[in-house]
Amino acid sequence: MLRVEYALTTDRTMKALTGLTRSAFHALVPAFDQALYEKALHRNPPRQRRPGGGGPAKLKTAEAKLFFILMYVKCYPTFDVAAVLYGAHRSRAHRWTQDWLPVLEKTLGQKMVLPERQIHQVEAFFHRFPTAQTLFIDGSERPTQRAQDSTEQKSYYSGKKNDTPVNTFSSAMTNGVF
């Protein structure tokens, strides 16, 4: 099992595993702990039993949980590898990732250090990358599950024998003009 205490001893190991220095990591822990607490308060659906049931937790502290999710984002191990590193089952590693990744995003958003990753409009793309001259968008047909509803089947039918493809488009944009 990976020892978080050992990784926290030097900046070199912290940078290699999480991408943060020890001081930046320790500065992030209280905000992450608060976000975890708020997530537990607004749990959906609400608990039917008191917390504390089940087996002993593998990652008990907010520091260990933050280390896991930062290491996952930085190194991107498979769930099997993460499970071996932390002495848990791969489904548990997947659940941790699903639970704590939104908490990390919320924490980084509150600290105003989260980079803008999603660009939803072409104008925003050209504003973000002013040296870009041309934007190419490629597309192809992707097979999908055949619909059970006959009216929905007709909307997807393209005349081919076996597949039920979804058509995606391809276009090019130069200086804001298609």
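So the values come out like this:
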quantity	calculated
Test for Lys39: is it farther than 30 Å from Arg128 by Cβ, surrounded by 13 or more Cβ atoms within 10 Å (Cβ to Cβ) and either without any contact (Cβ under 8 Å) to a residue 60 or more places away in the chain or not assigned by TED's automatic domain parsing to the domain that holds Arg128 (or both)	yes
Region 70-97 residues that are on the phi > 0 side of the Ramachandran plot, paired with ones that are part of a loop (DSSP other than H, G, I, E, B) and of a type in the set (D, E, K, R) (beta carbon under 7 Å, 6 or more apart)	Gly87/Lys58
Every residue from region 22-35 that is surrounded by fewer than 16 Cβ atoms within 10 Å (Cβ to Cβ) and either at pLDDT below 90 or closer than 18 Å to Pro102 by Cα (or both)	Pro30, Gln34
Count of region 1-21 residues which are surrounded by 13 or more Cβ atoms within 10 Å (Cβ to Cβ) and not in a helix (DSSP H, G or I)	6
Near pairs, Cβ below 9 angstrom, 6+ apart or cross-chain, from region 1-26 (within 27 Å of Asp80 (Cβ to Cβ)) to any residue that is of a type in the set (Lys, Arg) and not in a helix (DSSP H, G or I)	Met1/Lys58
Lone unmet requirement of (1) in a helix (DSSP H, G or I); (2) surrounded by fewer than 18 Cβ atoms within 10 Å (Cβ to Cβ) for Pro56	(1)
Of all residues in region 43-70 being among the basic types (Lys, Arg) and touching a helix residue (DSSP H, G or I) at 6+ places or on another chain (Cβ under 8 Å), the one that is nearest to Leu108 (Cα to Cα)	Lys65
Tally, over region 129-149, of residues that are of a type in the set (D, E, K, R) and modelled with pLDDT of 80 or more	1
Some residue of region 150-163 being part of a loop (DSSP other than H, G, I, E, B) and either modelled with pLDDT of 70 or more or of a type in the set (Gly, Ala, Ser) (or both)	yes
Flag for Arg49 being of a type in the set (D, E, K, R) and at pLDDT below 85	yes
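The values are calculated or read from the model by the stated rules, or taken from the named source; none is laboratory data. Predicted, not measured: the structure shown is a model, and the values here were computed from it. Glycine also receives a Cβ, built like all others from the backbone with ideal geometry; neighbour counts cover every protein chain displayed.
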